[in-house]
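Beneath this line is the structure, given in structure tokens, with notes to follow.
The values are calculated or read from the model by the stated rules, or taken from the named source; none is laboratory data. Owing to the predicted nature of the structure, the values given are computational and were not obtained by experimental measurement. No Cβ is skipped: glycine too gets one built from the backbone with ideal geometry, and neighbour counts run over all protein chains shown.
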Amino acid sequence: MGDGREILAQVRGLVKHFPISRGTIIKRVVGQIRAVDGVSFDLYRGETLGLVGETGSGKTTVGRTMLRLYEATEGEVIFDGVDLMSLKGKELDRMRRRISMIFQDPFASLNPRMTIGSIVGEPLLVHEVGNKKERQARVRQLLEQVGLNPNFINRYPHEFSGGQQQRIGIARALALDPELVICDEPISSLDVSIQAQIVNLLERLQDELGLTYLFIAHDLSMVRHISDRIAVMYLGKIVELADRDSIYSNPLHPYTQALMSAVPVPDPDLQEARVRIILEGDIPSPASPPEGCNFHTRCPVVRLDHCPLAEPELRELQPGHWVACHYAEDFQ
Amino acid sequence: MTQYLLKRLILVIPVVLGVTFFAYSMVLLTGDPASALAGVHATPEMRAALREKLGLDDPLPVQYGRFLVRIAQGDLGTSIISRIPVAIELRLFFPATIELALAAMTIAIVVGVPLGVIAAYKHNSFADLGTTFGSLVGVSMPIFWLALMLLWIFGLKLGWFPIGGRIDRSVDLQTITNLYIVDSILTLNFPALLSSLHHLVLPAVALATIPTAFIARITRSAMLDVLGENYVRTARAKGLEEKSVVSRHALKNAMLPVITVIGLQIGLLMTGAILTETIFAWPGMGRWIVNAIVARNFPVVQTGVMVFALIYVFVNLAVDVSYGWFNPRIRYN
Amino acid sequence: MNELLRIKDLQTRFYTRDGVVHAVNGVSYSIDEGEILGVVGESGCGKSVHALSIMRLIPDPPGKIERGEVWFDGQDLLTVSDEEIRKVRGGRLAMVFQDPMSSLNPAMTIGFQIVEALTLHLGMNNKQAEARTTDLLTMVGIPDAKNRLEDYPHQFSGGMRQRVMIAMGLSCDPKLLIADEPTTALDVTIQAQIVDLIKRLQAELGMAVMWITHDLGVVADVAERVNVMYAGYIVERGTVRDVFKRTRHPYTIGLLGSLPRLDEDPGTELSAIPGLPPDLIDLRPGCPFAVRCTYVVEQCWNETPPLEPTESERHTVACWRWEEIAQGVA
Amino acid sequence: MSGSLAETELRGLGIPGAEDQSQGVVRSPFRDTMRRLFSNKLAIVGILMLGTVILVAFMAPWIASQHPDKNGIFQAFPQNNKLPPSMDHPMGTDVIGRDMLSLIIYGARISLLVGVFAVSLAIILGSTLGAIAGFAGGTVDNVIMRIMDIMISFPTILLALVIVVILGPGLFNAMVAVGIVSIPAFARITRASVLGESGKDYVMAARSIGAGARRVLWRHVMPNTLSPIIVAASLGIAAAILDAAALGFLGLGAQPPTPEWGLLLSRNRGYMFTSPWMVFFPGISIMFLVLGFNLLGDGLRDALDPKLG
């Protein structure tokens, strides 16, 4: 897949464990929430990589750790040849100009006591871009770019609807002309008709500005719509990674298959024709993921003599199609 | 559960140590205890001798350690004024304050909780506004003034209640616990029970005012929150009567913040006791300590301060533990 | 099929400090016995409020059911006494809510919460009720149900809690189960389990289900008929095939266009509905969708279109231009 | 306060009208707060009460009939002692014949001063400690908060009494004592608020654009912790006034001849059965002022956080 395309970022063996501590006076660590447990992938310049998973899959943690909002337990994130995890102070700040983030809850991610002008202009101020007048002009331009009236510059976040608030968040993320935008479930708290508006906006901005997106979501149909390649996560690990078409036409991991068959399709005929795979049981807690293949407790095709014992590698079964299942060959 | 209790107990230790340390060092901050003990007519030599005898020249931690050992053995020192061991005085005054405080707390809970529930249930009604305003007036009242007014109206003008003391002098009561109500019941002494209850009413009502107001306010806002919860809607959707919805489903969840406040009220109640006892000539700890502070009677001040603080600490421990009953999440974690 | 529920001209408003919220604006329809009806729409379209109005669970004040009739099993639920409606609620008419964590009482065991309904409506004693509760929990797929009666809601996972809610809803053999977004708070794979469970139980027990959701995919999966709601109105109503395949209302068209489809070329741009949902406080006369509608004409601004039959008697739509749309779209 | 439950419920039902969508006038959070505050009847009553006291305190030289001399001493008129309320002396006279109304008017200055001073001290020390604890976490947090736990274990009056004994009786020392006593409350509130705000998404968003720790603290976290501190300040002034009056009443606060309300009450206490007005008016004045602050504080809480009833 990577042939001829420029790699913008490489995530290598990323691990993020959150300690669970107990104890009243003397704290001691009694366990780890293994939010991200060894994740590797590449991001090509100009593409959208979809990162899909359910609760506890660690998809949000991947995004936040990449931006150093959480400190990684292990692993590297090489952005344009530099390992972000090793940067400090000014160097880190400089790199942060090139990566930005859009959050899930648009209202919560906007400081309620700041006007939208100062929210969108804050990245410019922090990185000392231009003078006051230039910044003001840039903010107005950004607001226009995301489809908001630039005259609203002095209003406060609570005066806007959810969709508009997300546009403000997007404008902030674009302020410093980033190369990579990490979109952390940017549409999941919005209504259906507003979701489409935001997705169209993100697609338009990508075309205009040549952005690279890491698009984190749990909604498979929207991810398929927006992404070039898709990575499916389960309990802190990537179980399958491939380009959009092959993952949909030929999913090789039983979890991916179940996930796709579980997505309801707004078409009664198609719905009737589909074979549904309904997984049994609950998603295990990331504090105590199952041994071996961590999906074996729910896997419909589990082989108990092997799956609980050995952890499958993420391997490239077909060119550009990676899968972590011992028996993926059977599904080809 | 036992483990949780143990954990909470361990957490209390530093606070108890801090409290006792403060009580001890406080005396040193207020001046030389030796001069206070030796009296005004003492010569410098006498004071120096006393200082050495009391070990006041040792480093502070050593003195504090000795102090801890001493109180652990039950020796709380001797009152400078009365020359009676502090422990004996404490056994006399402590029950009086406990009796008063318990009576006040009972009144506060019995009156405050239903008021708050009604106000929340009839949100924005006249009853609600009345409770809200009334409880604000309640917490704004200087308790010593309220006590004086109660004394003037019900003690003097109307003559319904006695104006001071715990029991009529003419009534004989054999004391066992020094809680007069308990003692009179234990000895089946009906006149004493009547008389001590009669004496208890005014001070208890005065002392209960602020906690009642607080509890009503907190109950109201907790109930308002809970009544808006989805599980209350579920209870209604099940077809339950309003009575069971409120008393069974809502109240139990609303009690969590309320009992927290009851715990915190203990501090205020003790503050109130200091003032109320002064006014009603109630022979309890509050009056004892105030007199001791004014007279610089350090052993009594030390003991009183420690006892008050420890009551607070342990009541709040009890509150924490009782959370388990109201909130199953804590019980099992 | 016999008619089980008939709603006539239901109207609910909320009197808030900022103004009167026109939440439900004259809704009429019926549900047959044993039918699954989907009610679909975005937040604020009145789908939940109208269901709560049927149960008379609207907080009053500020809410008020202004007018309408709700005929259920021979009674108008809006005019019966409080005592009567309590007998209906949780008995013949039960409801399952969206968020299973906050909808279960955190301070009570789940066993007690179900037993409570059984003793109330079926007059069982504790022992009988506990036995039935165990059966119910087993039926909804809770493993080792007998030993879980004494557990509290927080000891269950999200999906398991929703199963408990469903068991509670089914406890007294309701004729109609109103499921208000029962899968919205759940993960995709768990959502599939719950959808499957309710479908299976509906088939087994033969009750009618009103399934409220914002997810068009779920409706296409479970429902036989659909009400599409917008701004407190039903704008389109018909069988799932009518509504999804012969869509006649511009809002429904827009909603379907907003969704990416697994069967479509992913490169195409989504046809999003422009603008924002209307402010229900100053809902102006005329078609509520006019401001966002691409088919809008003069008439739409002044006259509210009635819900009228289209090509088929059972497929109704509230749009002045449905015939032109039918020609253009069909 | 009114309708707050209703609004929560409406949000739960997802009715868009329940959230403000009006796009007409620019509405800053401050203006919103003021609008809500002034639509609350009880809060307006509180503001009016406070306004009255502040005005009276400010205008004392013009409205009182008697005035203190340079040393703050009111002239005694022994022949006028214990006069019941009349046209000349609307609140009667005290034991040594001073006009009660004039004493009360000048006393208002003292109570206001005590409340504001004590709470300012508590905010400066308490909120700083709380913010440090919340930010630093770990051992620093533990040590600070355990000390606060110890302080909070003592009944306020008792702690204040002890502090006054250490510092010596007097109005200023009483103010300091009451201020120190209020420190733990502000420390706890500030810490909780800092922790709460630090975990919010907008702080994460600020960090994601590369904002430094100082900017995150001062521009994002602190402004949003102000609401609870403002509420606590209003309620804290009320409590401080009560505590200081109690110290005065016990003879360990303001000293004669200061016309402090608690002290006035205590000095006249012996005569309350014969001349009850001498006790009634100082007490009702304390209550009036304290109630004003409590009503304002309550109103502010509702106005600043519309979600809480």
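Of note:
- Residue match in the range D:98-120 (condition: at pLDDT below 90, in a loop (DSSP other than H, G, I, E, B) and either over 30 Å from D:Ser275 (Cβ atoms) or outside the structural domain of D:Phe74 (by TED's automatic domain parsing) (or both)): no
- Hey, D:Ala211 touching a His at 6+ places or on another chain (Cβ under 8 Å), free of Cβ contacts under 8 Å to residues at least 24 places away in the same chain and crowded, with 23+ Cβ neighbours inside 10 Å or not: no
- Test: residue in the range A:250-261 that is closer than 16 Å to C:Gly217 by Cβ, buried (at least 18 other Cβ atoms within 10 Å of the Cβ) and either in contact with a Gly (Cβ under 6 Å, 6 or more places away or on another chain) or acidic (Asp, Glu) (or both): no
- Annotation note: of B:Leu60, B:Leu76, B:Leu50, B:Leu54, the sole residue that is over 28 Å from B:Ile13 (Cβ atoms) and touching a Leu at 6+ places or on another chain (Cβ under 8 Å) is B:Leu50.
- Residue within the range A:116-127 that is closer than 24 Å to A:Gly163 by Cβ, among the acidic types (Asp, Glu) and either surrounded by fewer than 18 Cβ atoms within 10 Å (Cβ to Cβ) or in contact (Cβ under 8 Å) with a residue 40 or more places away in the chain (or both) present: yes
- Of all residues in the range C:54-80, those satisfying the criterion of being buried (at least 17 other Cβ atoms within 10 Å of the Cβ), within 14 Å of another protein chain (Cβ to nearest Cβ) and not in a strand (DSSP E or B) are C:Ile54, C:Met55, C:Arg56, C:Leu57, C:Ile58, C:Pro59, C:Pro62, C:Leu77.
- Qualifying position, being in contact with a strand residue (DSSP E or B) (Cβ under 6 Å, 6 or more places away or on another chain) and closer than 25 Å to A:Phe107 by Cβ, among A:Val199, A:Val223: A:Val223
- Test for A:Leu270: is it of a type in the set (A, V, I, L, M), more than 10 Å from chain C (Cβ to nearest Cβ) and either under 21 Å from A:Pro312 (Cβ atoms) or surrounded by fewer than 18 Cβ atoms within 10 Å (Cβ to Cβ) (or both): no
- Any helices (runs of 4 or more DSSP H) falling wholly within the range A:198-279 and containing at least 1 residues that are modelled with pLDDT of 90 or more and farther than 25 Å from A:Leu180 by Cα: A:254-262
- Output for the range B:150-187, where each listed residue is surrounded by 15 or more Cβ atoms within 10 Å (Cβ to Cβ), in a loop (DSSP other than H, G, I, E, B) and among the hydrophobic types (A, V, I, L, M, F, W, C): B:Phe161, B:Ile163, B:Ile167, B:Val171, B:Leu173, B:Leu179
- Remark: B:Asp225 falls outside the filter, which requires a residue to be modelled with pLDDT under 90, surrounded by fewer than 16 Cβ atoms within 10 Å (Cβ to Cβ) and of a type in the set (Asp, Glu).
- Residue within the range D:197-207 that is more than 22 Å from D:Arg109 (Cα to Cα), more than 10 Å from every other protein chain (Cβ to nearest Cβ) and in contact (Cβ under 8 Å) with a residue 24 or more places away in the chain present: yes
- Taking the range A:95-176 as the region of interest, the helices (runs of 4 or more DSSP H) fully inside it that hold 2 or more residues being charged (D, E, K, R) and within 21 Å of the chain's Cα centre (by Cα) are A:162-174.
- Qualifying positions in the range C:1-21 - in contact with a helix residue (DSSP H, G or I) (Cβ under 8 Å, 6 or more places away or on another chain) and more than 8 Å from chain D (Cβ to nearest Cβ): C:Leu5, C:Ile7, C:Leu10, C:Thr12
- Taking the listed residues B:Phe280, B:Phe298, the one that is more than 11 Å from chain D (Cβ to nearest Cβ) and either in contact (Cβ under 8 Å) with a residue 40 or more places away in the chain or more than 15 Å from the chain's Cα centre (by Cα) (or both) is B:Phe280, with no other qualifying.
- Scanning the range A:98-113 for residues that are in contact with a helix residue (DSSP H, G or I) (Cβ under 8 Å, 6 or more places away or on another chain) and either surrounded by fewer than 21 Cβ atoms within 10 Å (Cβ to Cβ) or more than 8 Å from every other protein chain (Cβ to nearest Cβ) (or both) yields A:Ile99, A:Ile102, A:Gln104, A:Asp105, A:Pro106, A:Phe107, A:Ala108, A:Pro112, A:Arg113.
- Filtering the range C:245-296 to residues that are of a type in the set (Val, Ile, Thr), in a loop (DSSP other than H, G, I, E, B) and more than 8 Å from every other protein chain (Cβ to nearest Cβ) leaves C:Thr247, C:Thr268, C:Thr294, C:Val296.
- Considering B:Ile266, B:Ile262, B:Ile289, the condition of being facing chain D (nearest Cβ under 8 Å) and either of a type outside the set (A, V, I, L, M, F, W, C) or crowded, with 22+ Cβ neighbours inside 10 Å (or both) is satisfied by B:Ile289 alone.
- Of the numbered criteria (1) surrounded by fewer than 18 Cβ atoms within 10 Å (Cβ to Cβ); (2) of a type outside the set (Gly, Ala, Ser); (3) within 30 Å of C:Tyr230 (Cα to Cα), the one A:Asp184 fails is (1).
- Breaking point among (1) crowded, with 22+ Cβ neighbours inside 10 Å; (2) among the polar types (S, T, N, Q); (3) within 30 Å of B:Ser125 (Cβ to Cβ), for C:Gln98: (3)
- Test: residue in the range C:195-214 that is farther than 30 Å from C:Glu3 by Cα and either without any contact (Cβ under 8 Å) to a residue 24 or more places away in the chain or outside the structural domain of C:Gln75 (by TED's automatic domain parsing) (or both): no
- The range D:208-250, subset among the polar types (S, T, N, Q) and under 18 Å from D:Asp302 (Cα atoms), residue nearest to the other protein chains (Cβ to nearest Cβ): D:Asn224
- Unique match (being touching a Gly at 6+ places or on another chain (Cβ under 8 Å) and closer than 30 Å to C:Leu259 by Cβ) among C:Met207, C:Met160: C:Met207
Conditions tested, residue by residue: (1) within 12 Å of chain C (Cβ to nearest Cβ); (2) surrounded by 15 or more Cβ atoms within 10 Å (Cβ to Cβ).
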residue	(1), (2)
A:Ile277	yes, yes
A:Asn294	no, yes
A:Leu304	no, no
A:His321	no, yes
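- The range C:142-157: number of residues that are part of a helix (DSSP H, G or I), within 11 Å of another protein chain (Cβ to nearest Cβ) and either of a type in the set (Val, Ile, Thr) or surrounded by fewer than 18 Cβ atoms within 10 Å (Cβ to Cβ) (or both): 2
- Selection of the range B:122-146 for residues being more than 24 Å from the chain's Cα centre (by Cα), of a type in the set (Gly, Ala, Ser) and part of a helix (DSSP H, G or I) yields B:Ala127, B:Gly130.
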